[in-house]
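Reviewing the structure listed below.
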Amino acid sequence: MTGHSRFGCDKYLYMAAKPLGRILVIDDDPNIVEMVIDYFGDSGYVVIGAHHGGDGLMLAEHERPDVVLLDLRMAGLSGVEVLQQMKLRWPELPVVIVSGAGDVALAKRCLSRGALDYVSKPFNWEYLHRCVTAALNAAEVIAPAAAVRVTA
């Protein structure tokens, strides 16, 4: 059932237009960034892309994403270094590692340093989408708990 707001727009249409979440993708491959933007943008998310770790950190600071998709192997700051910085600055921010490296030891190291999950390239889009949904759900649970710790 839909109703009308005082602005004369349909509430259902307004809610449907609200983004499902804000995703920051950090990958040095512009094609990967574009594919992620297209896929999740078409699915109702706001997606911001960065091609370097430093740019990704700046965008995270200014755009405050709900979840980060982070490549490991990049020139300049590596994905591991970006993950460490993000966890120092925003410990509650869910980070999903996306990498073609296929290095199990590196994946375990990232998970032990706070990454929520590790997704190998080429992507299984359905699995990646489930990871993003799980990350957003985790953020909704973690954020109120973090607020309680601050105010307690």
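Where a number appears in this text, it was derived from the coordinates with a stated rule and is not lab data. Since the model is a prediction, treat every value here as computed from it, not as a measurement. Because the Cβ atoms are built from the backbone with ideal geometry, glycine has one as well, and the counts that use them run over all protein chains shown.
A Förster distance of 22 Å, applied to the separation of the beta-carbon atoms of His129 and Asp28, puts the FRET efficiency at 0.45.
Shape class of segment 21-151 from the alpha-carbon gyration tensor: rounded, with the ratio a/c of largest to smallest axis under 1.5.
Between Leu20 and Tyr45, Val46, the built amide H atoms are under 5 Å apart, and every one of these is 5 or more places off in sequence or on another chain.
In loop segments of segment 32-99 as defined by DSSP, the trypsin sites (Lys or Arg not before Pro) with at most 16 further C-beta atoms inside 10 Å of their C-beta are Arg73. Computed over neighbours whose Cβ is under 13 Å from that of Gln84, the net charge equals +3, Lys and Arg +1, Asp and Glu -1. In a fully extended conformation the segment linking Lys121 and Arg109 would gain 2.5 nm over its present Cα-Cα distance, using 0.36 nm per residue.
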